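Beneath this line is the structure, given in structure tokens, with notes to follow.
Any read-out appearing in this document is the output of simple, stated calculations on the displayed coordinates, not a laboratory observation. Owing to the predicted nature of the structure, the values given are computational and were not obtained by experimental measurement.
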Amino acid sequence: MSSHSHKQKDAAAELERSGDPPAPRGSADPSAQPAPPDAAAVAEQVQKLLAEKQELTDTLVRRQADFENYRKRIEKERHHDRHRATEHLIEQILPVIDAFDRALAESSDSAYVEYRKGFELIRRQLWETLAKQGLVRIESMGQEFNPHFHHAIERVETTEHADGIVIGELQPGYTFHEKVLRPAMVRVACAPERESAHRAQRND
């Protein structure tokens with residue numbers, strides 16, 4: 001038997017006595033612990049994650065604000081469109097109100113009493129519906145002439161009323177949500193020329 005065979009047998013016998021298999025070449029020592037992580041690298045990673053989180057939060061807040069502004073703008077535009085449509089419709093109905101007023105003013109004959117009651121009822125219902133939408137009649141009689149609300153058709157010399165006072169209304173005017181839809185057509189009192197000249201002389 002060769003010397004090499006003897007060495008193998010000796011190694012096998014030694015292995016049987018020890019009871020532990022030989023460690024494979026290149027294997028790590030099981031008792032060795034992994035190296036602890038670098039604290040600076042961990043802190044840097046945490047800061048990076050926090051920055052990314054803050055950026056995402058800021059982006060979300062901006063998106064929410066943009067959406068809220070968009071929603072408000074759309075709602076405002078819709079409200080404006082509805083308001084303008086209602087305003088346009090009322091403008092078309094004003095001549096109907098005028099027709100009712102003329103019919104009620106002219107039909108004083110007792111033979112038309114029942115018809116008049118019907119006209120008054122329809123006119124009142126129509127007016128209440130329009131008033132709920134924001135239509136308001138301009139007060140003219142006895143008021144001082146205001147070019148924003150009144151359109152002077154005639155100036156009447158008189159001493160019974162102060163200069164610039166509305167003494168007659170030819171056609172009523174209306175506002176819709178404080179916007180003048182139609183100015184009232186009115187007669188306006190003015191002082192007689194002689195009295196005006198006399199007042200001017202006294203003021204001089």
Measure of size requested: the Rg and Dmax of segment 136-194, with Cα atoms as the atom set and Å as the unit; please supply both. 11.7, 43
If each residue of separation counts as 0.36 nm, what is the full-extension length gain between Leu89 and Glu106 once their alpha-carbon separation is subtracted? 3.4 nm
Rg to Rh ratio, segment 50-204, alpha-carbon atoms and Kirkwood radius? 1.30
So if the hydrodynamic radius of segment 54-133 is defined as the Kirkwood radius over C-alpha pairs, what does Stokes-Einstein give as its diffusion coefficient at 10 °C and 1.306 mPa s, in µm² per second? 95 µm²/s
Over 27 Å between Cα atoms, which of Lys72/Lys132; Lys48/Lys72; Lys53/Lys76 qualify? Lys48/Lys72; Lys53/Lys76
